[in-house]
Structure formats: structure tokens, C-alpha cells
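Values quoted throughout were computed directly from the atomic coordinates according to the rules given, and no laboratory measurement underlies them. Given the structure is predicted, the values throughout are model-derived calculations rather than measurements. So basically every Cβ, Gly included, is an ideal-geometry build from the backbone, and we count neighbours across all protein chains shown.
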Amino acid sequence: MVNKTIKIKSGKVAKIIGGKEIFIVAEIGKNFIQTEEERPIAEYLRNAKELIDAAAEAGVDAVKFQTHELSDEQLNVPIVGPHAPSFDRYPWVRRNTEATPIRFWRAIKKHAEKRRLVFFSTPMSRKAAEKLDKVGVPIWKVASGDMLDYALLDYMFETDKPLIISSGQVSLAELDGIVGHIRARGIQFALLYCVSHYPCPKEFFNLGTIEHFQEKYPEAVIGFSDHSIENIDIPLAAVKLGAQIIEKHFSLSRDLFGTDHKVSMTPGEMKSLVEAIREDQYKKVNHKLYYGKKTKELEGAKNHMRPSFNKALVAARNLPKGTTLTKKMVYAMRPIKLIKGLPSEKFFEVIGHKTRAALKKYQPISWRVLKK
């Protein structure tokens, strides 16, 4: 029998993912940003600690944030995300980067552990992962939009830390390729079924995918990242079908300013969900309403957010003609629809090739500018 439990430790807080209890994650993300106008870092820190306190009171196991580093994530071009048409991505990512220096992450990690919660964060680029590695996260979470960012994945693989990956913006074939890399390195991992719509209507779910994942990836802990806000029946149905991780966005109020508040659970709602799971109320839910077809192609294969959130390869610095590319000379950056370079999943293929001509920093990398 496959032993697929993942033991993680955050400070003195130790948890098991895939054990007898469902691992419940409050996805705070960047919900410590709550006003349209920029505020001092100290205020963001107070907000983050308040959210951690509320999550602890709700009874979750872990709090997860999102970590940005503008310089290797978002190209300076005007673009808005489909889920937040009022937000120009470049200044939004810049604000998130400037709001969270490394001292911010160290402080909230310490506070989370004080509240007996596991702390981790989703790095949105390789440099963000490097920062979090210095902070000391026990596990990596890969965002749906970064599942094809092999520059980021490569860094994570080299740390040998467990991974939580998400299916929201990949196809079944793309997911299988990612799992192949993970398996080749012998890294423990969890896989979350996810639909990247914010909020996600109940008719979009195909929870039979959870059973498909269990059968295809028996060594993985299978879970569910949920963006619905109508009721708790959908995550409870996921638990009934075998999900051992439940991740929900978390905010003090859905009326606050920011991209994710509107799809978040409030503290009272999160507490109700945690209690329902711990008291086995999921056994009464009619999971067939959301089951769909077990082997159906993932919604992520044609997800509307892919053109804005997937990444392309660019030069990480000025490169003279004839330069042999190394990993640190290549960035994977958003948005792929405005960068005429190779997609980020070609990262391993370009390493070792020489440039035909000089490249400027952030210039797209294509086969046309490389010697094959």
C-alpha cells in the first residue's frame, strides 16, 4: 500500500496531510490589502495578523498567503486579469511586492506558529520562492496559473520540499507531464482539483475528477481548492468523495477592496465549514449533484485566464551574442499573450543553447534567437 501522508513542520507546529483528519487551509492570499490607497507595511502586517487570529479561531490547520516579486513575474505592459477587470496587473503586483519585504513574511510566520497554525505561501515566481526559502516554509504551493512555469518548478524541485499543486489552469496531459517530473525526483506531493473561476458557479464543478486523480496518482494526497461562495455543500461533497485537503479563500469581509475578497469565506462561514467537516456532516451531502464525469478533460485546458496568467521565457539580463543560457539567465514572466517568446514549459529545453544575437533584459526568448 502506498504511504502518501505528508508530515510538515512549521516552527514547533507539526501536522500530517493525508492522515485521519482533513487538512483545512485558510487561503489568506493577499487579503491583508484592504484599501484602494496604498498603506504602510505596518498596517498590512496588522491586517495579516488579524486574519491569522480569525483563521485560528475558526479551527483551520494552516494559513496560506501569496508572495510576489515583480522583477521576474510581471512584464511592464498594460493588462488586466479576466477575474479583476479594474486592476492593471503591473502596478498591482508591484504593490504586493513592496508591501511584503522579507521581514513581513518572517513576522507573520512567527505569528501563525504562535497560534498553532502551519504557515506557508504560494510563490508567484522563482525569486519569490527564493525569498520564502529564506523565511523557511515547510511546503510549496504552486498556483494554477504557474503550473507550467518550469523556471519556478525547477527551483522548488531542487529543495526536495513537498509540493501542493493545483489543476485549475492545466489540461490532463499537462498535469501528467508535471507529475512525471515530480515522480522522477521522488518528491512527495498533493494535488488539488480546482476550477479557476472567481467566483465559481456550482455547475462548473466536476468533482468526479477527485476520484480520477486518486486512481491515476495513488501516491498523492488529493484535495480540493474551492472558489464557490454559495454554500458549503460543494467542499463537503469533495470530502465525501475523498478529498483530504480543503482550501478556501479567507477574508474578514467580502466587501473589502482587493481581487480575492469577493470569493472568500468570512470567519463565521469558515468556522461553520470546519465544524461540518470535523463532525462528519459531509456524509449527508448529495455529492452526485456536482459529480459530473470522472474522466472528463479538465476545465483548465481552455480556462479563460490562461492567456493573461501563463508565462513566456525572457532574458533575465543583458546577454551578449554567443551566450550559453543557464537557468539564472532565463525568467518566466506574464502575460504570455503579449510576450512573443517560448512558453515557460520550454524552460528545460532552452537551457544550454547559445544566443544567435545579443539580447536585452526582458527580451523574449524564441527559437529564432537561439542556436539549435
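Set the Cα radius of gyration of segment 118-167 against 2.2 N^0.38 Å, with N its number of residues, and you get 0.98. Taking 21 Å as the limit for the C-alpha separation, the pairs K114/K240; K327/K361; K12/K127; K340/K371; K64/K110; K141/K354 exceed it in the case of K114/K240; K12/K127; K141/K354.
With N counted as the residues of the chain, its alpha-carbon radius of gyration over 2.2 N^0.38 Å works out to 0.96. Amide H to amide H distances under 5 Å link G29 with K64, F65, Q66, where only residues 5 or more positions off or on other chains count and H is placed in the peptide plane. Per residue, the convex hull around the alpha carbon atoms of segment 215-282 comes to 91 Å³. DSSP assigns beta bridges within segment 10-302; of those with both partners inside it, close to 10 percent run antiparallel.
Angle of helix 102-114 to the longest C-alpha principal axis of the chain, folded into 0 to 90 degrees and rounded to 10: 20°. Spin-label pair K161-N286: with each label point 7 Å from Cα along the Cα-Cβ axis, the two points sit 4.3 nm from one another. If you bin all the Cα-Cα distances of segment 1-154 at 10 Å, starting from zero, the percentages per bin are 10, 38, 36, 13, 2, 0. Taking 0.36 nm per residue of separation and subtracting the Cα-Cα distance, full extension of the segment from E211 to A184 would add 7.4 nm.
Each residue of segment 175-186 was assigned a 3J(HN,Hα) from its phi angle through the Karplus expression (A = 6.51, B = -1.76, C = 1.60, θ = phi - 60°), giving 4, 4, x, 5, 4, x, 5, 5, 4, 4, 9, x Hz with x at Gly and Pro. Of the Cα atoms belonging to segment 98-198, the radius of gyration and Dmax stand at 14.0, 41 Å. Within the listed set E230, E219, E73, the Gaussian network model of the chain (springs between alpha-carbon atoms below 10 Å) gives the highest mean-square fluctuation for E230. When the P(r) of segment 187-344 is calculated, the portion above 22 Å amounts to 54% of the C-alpha pairs.
Among the trypsin sites (Lys or Arg not before Pro) in segment 56-123, those located in a DSSP loop and surrounded by at most 14 other Cβ atoms within 10 Å of their own Cβ are R116.
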